[in-house]
Amino acid sequence: DRYFQVARCYRDEGSKPDRQPEFTQIDIEMSFVDQDGILALIEGMLQYSWPKEKGLIKIPFPSITYDEALSTYGTDKPDTRFGMKIIDVSHILRNVDVGFLQNSLKEPHGT
């Protein structure tokens, strides 16, 4: 069994640069489904409802794990459009005589 509801919503809070004051929300209630079932459903809904003039959406969507996002992009919400991946240059900095760099290199992941 499944139930869908599409509703216009309005935020009753102060404005923030990464949030729209008005948005559309899809409420889904499903029984006996796993993570892959939810992902397939959402991808299919977006592909079906996407305007044809915007081009075809290819599914399944690319995905990475939380750990991959942090180690590759340094954030859990990377903008992958720009390819701004973290590159480990610690091997270059090992011979640089700058105190804070040497201290960072001694710590796991430079932290």
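The values are calculated or read from the model by the stated rules, or taken from the named source; none is laboratory data. The shown structure was predicted, so the numbers you read here are calculated from the model rather than taken from an experiment. Please note: Cβ atoms are built from the backbone with ideal geometry, for glycine as well, and neighbour counts cover all protein chains shown.
For this structure, a couple of remarks:
- Condition broken by SER90, with the remaining ones in (1) surrounded by 11 or more Cβ atoms within 10 Å (Cβ to Cβ); (2) modelled with pLDDT of 95 or more satisfied: (2)
- Residues in segment 35-56 that are within 20 Å of the chain's Cα centre (by Cα) and part of a loop (DSSP other than H, G, I, E, B): TRP50 alone.
- Unmet criterion (only one of (1) closer than 30 Å to ASP88 by Cα; (2) assigned to a loop (DSSP other than H, G, I, E, B)) for ILE59: (1)
- Within the option set TYR10, TYR66, being exposed (fewer than 10 other Cβ atoms within 10 Å of the Cβ) and without any contact (Cβ under 8 Å) to a residue 12 or more places away in the chain holds for one residue only, TYR66.
- Residues of segment 13-26 satisfying the condition of being exposed (fewer than 10 other Cβ atoms within 10 Å of the Cβ), part of a strand (DSSP E or B) and either polar (S, T, N, Q) or at pLDDT 90 or above (or both): THR24, GLN25
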